[in-house]
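Colleague: Below you will find the structure I want to go over with you.
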Amino acid sequence: MQKKRLIIIGAGGVGNVAVRKSARMEDVYEEILLASRTKEKCDAIAKAAGPVPVRTAQVDADDVPSLVKLIQSFKADVLLNVALPYQDLTIMEACLQTGVHYVDTANYEPKDQAHFEYSYQWAFHKRFEEANLTALLGSGFDPGVTNVFTAYAAKHYFDELQYLDIVDCNAGDHGKSFATNFNPEINIREITQHGRYYEQGEWKTTEPLSLHQSVDYPRIGAKESYLLFHEELESLVKHYPTLRRARFWMTFSQQYLTFLRVLEEVGMTSIQPIDFQGIQIQPLQFLKAVLPEPSSLGQNYQGQTSIGCQLRGLKDGKERTVYIFNNCSHQMAYQDTNAQAVSYTTGIPAALGASLVARGIWNQSGVWNMEQYDPDPFLAELGPLGLPWEVVVDGVLAFGV
């Protein structure tokens, strides 16, 4: 295989992991370009990465002409977008204009509206198909690995998949009173929205964080888990129409929820601009600026994450359950890539998804979600890259029918 040229847009915690992992793929890439709004962040990551050469650049990912110029000058084959979800559409447009395959980790979200759905990006399908280009959406962990886990279970363990609960636990301790594990602006917008889940052919809405129950996580124990809407539910119920119910659950400590509630009460989580000394600012963007940078949390992080899919359905006419999951140590992640486990569990699938596209293993033209591809090649490489996964068949699940 001729070696490829990879552009990565975004130099946060996930970008750091994706660059380090991609730069170890000497058989796939001849050179990598890391670009973001702040070149100094790119330089620091590139300095620690290799052996594949990593060069850096400054770019405004909201500006299509600037992106086009950068992509053309580097002669890229694949672009991995780990920038902000607001920038998905401009980066996809730049890829179409330059003939470059596209991979991201999170679906598009309008900057002035706390709402996300795949329709914005699915609308690009025909254009990518006609250009003979692949756009792979949501190649993180959740979405991403959770989609692949579901596809793997459906392929190998079920004749009919009926119930899906995605469970996400961070049982780590970073020692801060209040901090988010990824971009604070995106994180807080996500969890302060109304919850949504799919049941019996329709979407049901809940008040934010109003539904919760205890879930027993492997090697962690019982943790209170709260229902959220997460984007992979939208694509999974579309591509697995036998699903009767699909939900997403995430753990939060009481301390975290108390801080969040106070910040909401005083208006600091609002995305509606206010006038401050003659300047229009979003309170949430100001809050992001004063909270700890997620990429700075790794060194002192203790404990682990556990993310997986609890599935129920039929096999040979009998009910079957499957729990497929990964546990990841914050300390191990830091030793490997100087990152905490939340960045690590997103950055590795991002690098892996891009490499599968680069190698032509996942190469169908158009816009695709992770579960639409064969899950076996992805999961064969996920463990060796640092995220081993386990399957429990016919065990006890946290959720009934």
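The values are calculated or read from the model by the stated rules, or taken from the named source; none is laboratory data. Source: prediction; values computed, not measured. All Cβ positions, even for glycine, are placed from backbone atoms using ideal geometry, and neighbour counts span all protein chains on display. For the accessible areas, the whole protein counts, side chains as well, though only heavy atoms, and no ligand, DNA or RNA atoms are used. Shrake-Rupley method; radii C 1.70, N 1.55, O 1.52, S 1.80 Å.
Colleague: Residue check, Gly144 against (1) over 30 Å from Tyr323 (Cβ atoms); (2) open to solvent by less than 10 Å² (accessible area, probe 1.4 Å), all met but one. Which one?
Modeller: Here Gly144 clears every test but (1).
Colleague: Now, a different point. For the range 5-114, give me every one of the strands (runs of 3 or more DSSP E) that falls completely inside it and has 3 or more residues that are within 25 Å of Glu293 (Cβ to Cβ).
Modeller: Counting at least 3 such residues, we get 29-36, 54-58, 78-81.
Colleague: Sort out which residues of the range 213-247 are in a strand (DSSP E or B) and more than 20 Å from the chain's Cα centre (by Cα), and write them in order of number.
Modeller: Gln213, Ser214, Val215, Asp216, Tyr217, Gly221, Ala222, Lys223, Glu224, Arg245
Colleague: Considering every residue within the range 208-229, establish whether at least one is without any contact (Cβ under 8 Å) to a residue 40 or more places away in the chain, under 22 Å from Ser119 (Cβ atoms) and open to solvent by 60 Å² or more (accessible area, probe 1.4 Å).
Modeller: Checked the range 208-229: no residue is without any contact (Cβ under 8 Å) to a residue 40 or more places away in the chain, under 22 Å from Ser119 (Cβ atoms) and open to solvent by 60 Å² or more (accessible area, probe 1.4 Å).
Colleague: Let me ask something else about it. Which one of Val17, Val54, Val64, Val28 is β-branched (Val, Ile, Thr), farther than 15 Å from Val100 by Cβ, open to solvent by 20 Å² or more (accessible area, probe 1.4 Å) and in contact with a helix residue (DSSP H, G or I) (Cβ under 6 Å, 6 or more places away or on another chain)?
Modeller: After applying the criteria, what remains is Val54.
Colleague: Taking the condition of a type in the set (Phe, Trp, Tyr), open to solvent by 10 Å² or more (accessible area, probe 1.4 Å) and within 26 Å of Gly138 (Cα to Cα), does Tyr256 pass?
Modeller: So Tyr256 does not fit the description; no.
Colleague: While we're on this one: Regarding Asn147, is this residue at pLDDT 95 or above and either under 15 Å from the mean Cα position of the chain (by Cα) or part of a loop (DSSP other than H, G, I, E, B) (or both)?
Modeller: Details: at pLDDT 95 or above: yes; either under 15 Å from the mean Cα position of the chain (by Cα) or part of a loop (DSSP other than H, G, I, E, B) (or both): yes.
So Asn147 passes the test.
Colleague: Another question, if that's okay. Restricting the search to the range 313-360, which residues are in contact (Cβ under 8 Å) with a residue 40 or more places away in the chain, open to solvent by 30 Å² or more (accessible area, probe 1.4 Å), touching a Gly at 6+ places or on another chain (Cβ under 9 Å) and part of a strand (DSSP E or B)?
Modeller: Matches in the range 313-360: Arg320 only.
Colleague: Here is a further query. Restricting to the range 361-401, name every residue that is open to solvent by less than 50 Å² (accessible area, probe 1.4 Å), small (Gly, Ala, Ser) and at negative phi.
Modeller: Within the range 361-401, Ser365, Gly383, Gly395, Ala398, Gly400 qualify.
Colleague: Select from the range 252-272 the residues that are touching a residue at least 24 places away in the same chain (Cβ under 8 Å) and among the hydroxyl-bearing types (Ser, Thr, Tyr) and write down the one among them that is farthest from Leu211 (Cα to Cα).
Modeller: So, considering only residues that are touching a residue at least 24 places away in the same chain (Cβ under 8 Å) and among the hydroxyl-bearing types (Ser, Thr, Tyr), the one farthest from Leu211 (Cα to Cα) is Thr269.
Colleague: Report whether or not Ile324 is modelled with pLDDT of 95 or more and out of contact with any His (no Cβ under 9 Å at 6 or more places or on another chain).
Modeller: Yes; evaluated as a whole, the condition is true for this residue.
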